1. Kindly indicate the residue of the stretch 49-65 that is touching a residue at least 60 places away in the same chain (Cβ under 8 Å) and not in a loop (DSSP other than H, G, I, E, B) and also nearest to Ala144 (Cα to Cα) among those meeting that condition.
2. Is it the case that Phe211 is within 13 Å of the ligand (Cβ to nearest atom) and in contact with a helix residue (DSSP H, G or I) (Cβ under 7 Å, 6 or more places away or on another chain)?
3. Could you please find all residues in the stretch 231-255 being away from the ligand (no atom under 12 Å from the Cβ) and either crowded, with 22+ Cβ neighbours inside 10 Å or within 21 Å of Glu306 (Cβ to Cβ) (or both)?
4. Yes or no: Glu31 of a type in the set (D, E, K, R) and in contact with a helix residue (DSSP H, G or I) (Cβ under 6 Å, 6 or more places away or on another chain)?
5. Which of the residues that make up the stretch 258-277 are closer than 21 Å to Thr12 by Cβ and not small (Gly, Ala, Ser)?
6. Could you please tell me which pairs satisfy a Cβ distance under 9 Å, a separation of 6+ or placement on different chains, a first residue in the stretch 256-273 that is in a helix (DSSP H, G or I), and a second residue that is among the hydroxyl-bearing types (Ser, Thr, Tyr) and within 8 Å of the ligand (Cβ to nearest atom)?
7. What's the number of the only condition in (1) surrounded by fewer than 23 Cβ atoms within 10 Å (Cβ to Cβ); (2) under 27 Å from Arg251 (Cα atoms); (3) away from the ligand (no atom under 16 Å from the Cβ) that Lys55 fails to meet?
8. Closer than 22 Å to Ile139 by Cβ, within 16 Å of the ligand (Cβ to nearest atom) and surrounded by 23 or more Cβ atoms within 10 Å (Cβ to Cβ): which single residue out of Gly10, Gly33 fits that description?
Amino acid sequence: MGRVIGIDLGTTNSCVAVFVDGEILVLANSEGGRTTPSVVAFTESGERLVGQIAKRQAITNWEHTAVAVKRLIGQRFDAPAVVDTRSHVSYEIVPSPTGDAWIRLRGRDYSPPEISAWVLKKMKQTAEDYLGEECNDAIVTVPAHFNDAQRQATKDAGRIAGLNVLRIINEPTAAALAYGTSHGRDGLYAVYDLGGGTFDITLLQMSDGVFEVRSTSGDTFLGGEDFDRLLVDMLSKEFLEAKGIELREDRMALQRLKEAAEKAKQELSSATGTEINLPFITSGPQGPLHLIRSISRSEYEGIVEELVEKTLGPCRDALKAAGAKTNDIDEVILVGGMTRMPLVQARVGEFFGRAPNREVNPDEVVAIGAATQGGVMRGEVADVLLLDVTPLTLGVETQGGIFTPLIPRNSTIPITVSEIFTTAVDNQPFVEVHVLQGERALVRDNVSLARFQLTGIAPAPRGLPQIDVSFHIDPNGLVEVTARDLGTGRETAVQVNAASGLSEADIYRIVEEADARRIDDESQRELVELRNKAEGLMYTSERSLQEYASVLPASDQEAVLSALAYCRQVLDQHMGVEEVRGALSALEDAAYRLADAMYANLGGQG
Ligand code: AMP
């Protein structure tokens, strides 16, 4: 097994770490950042941008910049949380042919795993650049509260990125693993993880290298994005009242507001006051309008307090599920960028009756934990055993649309349970099983994972056939089903119709397309470089021409002017690599004549 990289694929930022010579290293990307924005954009010329460079141009290219895609991964288009997200993102969310939430950028529809794969590829590249070798094996983390569809979709993203995802682990578990292996104190830990898009709370017992998750709870739609939104809503409401213009309907203004809200939030973690200053945010009948607003930390805390309070419900729930009280907790570990906020630290401290531990870097600890698990799988880290739980109840549909649980949430994984199914009418050749995840009593309120058909049942009176179906949750939290006809002892075919996600054929097509597009991508990069070079040479030639026109023979002047005009035309008309190369080479020839004349003139003077 080659090296195993650990990737924290975050809503806002991603991070990659690797175990090298007994040490875990967090790796810096090509721009020097230890975390990489999980942002993908397509420019007007079709160039794909990933990471910091994509984030930087989000204000001017808001419609074609995909942010916080993790909120859509493994989700149905009509899921309530997606309906809510649709009105708050600047890009278009569309239904896929099978009803999943997909993203439209520059007129093409992409599945969230495809977009996430570009972020994962960048993380893979970061590791390869550092290690100087190919890195194909990875551990990827997900919020503890992700269901099977979200985990499956994350795994698909890994496959599209050319990664062999050895294990999917939960973010809080990874954080505890990183903290526990480096600090090595046994006890009951509470890991409070508030990131850009999701909230998780996990209670975990560590003793002698065994990390046993006792319970987990959370909210996959509660994170920094929601904090920013509350401030955006307040600012735009004030603006509407004062100026009569709804800024949220102007996507460019909305994007600027969002960035300013996030910046203010971050500044207020260290300063007690800040100013939001957005000149020319829009214009009214009297001309341009600006948004300038001071905000103090206490005012901000008043606005977002309800969200911080909202995280405490799952904390109570996790304690109850683990049969623990707050004073049983030995250590509270904070994970995720949002835990830098003083109000979060204070409320969590009050709730657990102890100051949270601040020894870990909340942005990096999850990737470090993933790399630690990589070290465990390669045998480099000894005496560590991870026992995680399933965050959601797994069950099947029974008569009348009732959800009947089979594996309760917080069961230690891997786990297998069996259930006997039979026929409802004489000579029925198949039985249909509908598998779901969730905590609600009725089928319609839970997440549908798949429908299975147990086929090939021999003709028999109703109720006689006995089909033993095993539901297995593997260490990744992924669900598998197998079935056996007890009458014949034969394995029964299970035909899976996953309720959502990419099919094998989809993944194959996307990977093939990416391979085919690699050449396109490379020529796209070459085109951009050539265009930049041409722009630069045009600029210097124009200036030299102005300065030295008097010493340049008319024929040479003409040659430079016509090469410049041709270059401009080729660039303005967005012509291809060959045309730009041709125009650049002609301009270079003309520029040499210009240089010759300049130096001859200087020589003459000397
Ligand atoms: P993560 O998903 O862990 O990278 O967390 C990202 C979230 O943390 C984003 O919403 C950031 O705006 C937020 N964040 C990062 N730094 C700070 C800070 N200093 N204060 C408050 N929030 C922050």
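The values are calculated or read from the model by the stated rules, or taken from the named source; none is laboratory data. Keep in mind that what you see is a predicted model, and the values were worked out from it rather than measured. A quick note on method: Cβ atoms are made from the backbone with ideal geometry, for glycine too, and the neighbour counts reach across all protein chains shown.
1. The selected residue is Val50.
2. no
3. The answer is Val232, Asp233, Met234, Leu235, Ser236, Lys237, Glu238, Phe239, Leu247, Arg248, Ala253.
4. When the stated conditions are applied, Glu31 passes them.
5. Lys258, Glu259, Glu262, Lys263, Lys265, Gln266, Glu267, Leu268, Thr274, Ile276
6. Taking only residues 6 or more apart or on different chains, the pairs are Glu262/Thr12.
7. Of (1) surrounded by fewer than 23 Cβ atoms within 10 Å (Cβ to Cβ); (2) under 27 Å from Arg251 (Cα atoms); (3) away from the ligand (no atom under 16 Å from the Cβ), only one is false for Lys55: (3).
8. Details: Gly33 fails: surrounded by 23 or more Cβ atoms within 10 Å (Cβ to Cβ).
After applying the criteria, what remains is Gly10.
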